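The values are calculated or read from the model by the stated rules, or taken from the named source; none is laboratory data. This structure is a prediction, so every number in the text was calculated from the model and none was measured. Cβ sites come from the backbone with ideal geometry, for glycine too, and all protein chains shown count toward neighbours. Note: areas computed on protein heavy atoms with side chains; ligands, DNA, RNA excluded. Shrake-Rupley method; radii C 1.70, N 1.55, O 1.52, S 1.80 Å.
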Amino acid sequence: MQRNTEVDISGSSFVHVLDQLLEEGLEDIRTARTVDEIEQARIAYLGRKGKVAAHMASLPSLPAEDRPQAGQKANAVKTELTQALQEARDRLEQQAKADEEAGFDPTLPGRTPWIGGVHPITQVQDEICSVFARIGFDVVAGPEVETDFYNFEALNIPQDHPARDMQDTLYISDSIVLRTHTSPLQIRTMRAGMPPLAAVAPGKVYRRDADLTHSPMFHQIEGFLVDTQVSMADLRGTLTYFVHHIFDSQTRVRFRPSFFPFTEPSAEVDISCVICGGSGQTGNEPCRVCKQTGWVEILGCGMIDPAVFTAVGYDPEAYTGFAFGLGVERVAMLKYGIDDLRLFFENDLRFLHQFQGPPRTL
Ligand code: DAH
């Protein structure tokens, strides 16, 4: 007698194998997602050359007394699979009907999610940092929740001093604040090392302020350089380089005397208006950005005050340095001619895509 190689000869293991086959078949039918897949499952299990048929064919090779039970089992498996196939078909049909009623077409390609882009403020921030990195500045970061010491005291802004009123501060507790500027990074960086050092510190800052041109959260970049014999000429040269690389080489730079507690002397820096080219006119209209002056303020700066060096433990007789602080939103608005600060924070995609190119998918 010919022996079927696929099927074990004893009756009980025949039944066992059929149980397994049934389980496999039910699983395949359960996971079938299309009419096609259901049909494939039918052919694989119940087709003329299918798995059940193969087992049926081997029935005669079983011991005679096992055959009736084995035969019954094979028929039961066949019935159960047939039933499962029918149910799967019904299920798909119902689903198709429901999809159609809901206006859903499963044959359409799916929607791939958009991948995000870099926010315009971050783009400008990165660009400014890389302009400074090219001339040897490190890029450093620090906490947004800052102590009174780093945010004020060490920067020569003592408690109860009127200079504190320059910045409307959000307090966490008596001695902990949301940093009002990135200047604390001067202190943190100087305390962590010794001159010569040069760094820019980008990041978020917070003030109790909100209107057309002020947001309670905005971005600053602090820059500073400490060495021996640093002069205001170095400061001016560095800032001119920065302005020429962020705007264009035609942009003029001027210093105006000013006051900051942590610099002496201090200056505010204006650049020739990037909207009207410094003429004060756009066409026949007065330029709205520079209010016809031809100049726009861009940052504050100065020579680091000896009191700051003392606060970080440097010898103020040995070291000199300069510092500057600029608002990233302000630079971005001037660079791209944007007149409403709120656009940066509303996250309207029509605005963001102008900086990020058309939406991209994975
Ligand atoms: N920290 C100042 C502010 O937020 C900006 C500033 C001005 C920073 C002059 C400086 C500087 O380093 O020298 O108003």
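Averaging 1/r over each pair of different alpha-carbon atoms in the range 266-362 and inverting the result gives 16.6 Å, the Kirkwood hydrodynamic radius. Remark on the chain: C129, C301 stand apart, with no other cysteine beta carbon under 4.7 Å.
Placing dummy labels 7 Å off each Cα toward the beta-carbon, the span from A133 to R254 is 3.5 nm.
Accessible surface calculations at 1.4 Å, restricted to protein heavy atoms, place the range 120-355 at 47 Å² per residue.
As a rough guide to protection, the peptides 156-162, 104-110 ranked by mean Cβ packing within 10 Å, highest first, stand as 156-162, 104-110. For the range 1-101, the Kirkwood hydrodynamic radius comes to 14.5 Å, computed from all pairs of different C-alpha atoms.
When peptides 124-135, 165-176 are sorted by average Cβ neighbour count within 10 Å, with the highest value leading, the order is 124-135, 165-176. Only Cα pairs under 8 Å and 6+ residues apart enter the sum, and on that basis the relative contact order of the chain stands at 15 percent. For the range 149-269, the relative contact order is 20 percent, taking Cα pairs closer than 8 Å that sit 6 or more residues apart in sequence and dividing their mean separation by the residue count.
Computed from the Cβ-Cβ distance with R0 of 25 Å, the FRET efficiency linking R48 to S10 stands at 0.40.
The label-point distance for Q72 and R360, in a model that sets each label 7 Å from Cα toward Cβ, rounds to 6.7 nm. Computed from the C-beta positions of Q40 and N347, the FRET efficiency with R₀ = 41 Å rounds to 0.30.
What do you get for Rg/Rh of the range 117-237 when both radii come from the Cα atoms and Rh is the Kirkwood radius? So for the range 117-237, dividing Rg by the Kirkwood Rh gives 0.98. For the range 16-164, the square roots a ≥ b ≥ c of the C-alpha gyration tensor eigenvalues yield an a/c of 1.5 or more together with a/b exceeding b/c, which makes the shape prolate. Helical content alone sets the calculated 222 nm signal of the chain at -12500 deg cm²/dmol, taking -39,500 (n - 2.57) per DSSP H segment of four or more residues and averaging over every residue. A cut-off of 5 Å between modelled amide H atoms, ignoring neighbours fewer than 5 places along the same chain, links C273 with G278, W295, V296.
Within the set of other residues whose C-beta is less than 13 Å from the C-beta of H119, count the net charge using Lys and Arg as +1 and Asp and Glu as -1. So the surrounding residues net to -4. Site pair R91 and E144 shows an inter-label distance of 4.8 nm when each label is modelled 7 Å from Cα along Cα→Cβ.
Test of understanding: what is the full-extension gain from W114 to Y336, defined as 0.36 nm times their sequence separation minus their Cα-Cα distance? Each step should come with its number before you reach the end.
Working: separation 222, 0.36 × 222 = 79.92 nm, distance 2.49 nm.
The span from W114 to Y336 would gain 77.4 nm if fully extended.
Bridges between two residues of the chain, per DSSP, are antiparallel at a rate of about 95%. Carbon and sulfur: what percent of the range 120-355's accessible surface (1.4 Å probe)? Exposed carbon and sulfur together represent 51 percent of the surface. Electrostatic bookkeeping for E153 treats Lys and Arg as +1 and Asp and Glu as -1; over the other residues with beta carbon under 15 Å from its beta carbon, the sum is -1.
For the range 86-138, the Kirkwood estimate of hydrodynamic radius, built from reciprocal distances between every pair of different alpha carbons, is 16.1 Å.
Taking every alpha-carbon pair under 8 Å whose residues sit at least 6 apart, the range 86-238 reaches a relative contact order of 20 percent. Computed on the Cα trace of the range 120-355, the radius of gyration divided by the Kirkwood hydrodynamic radius gives Rg/Rh = 0.96.
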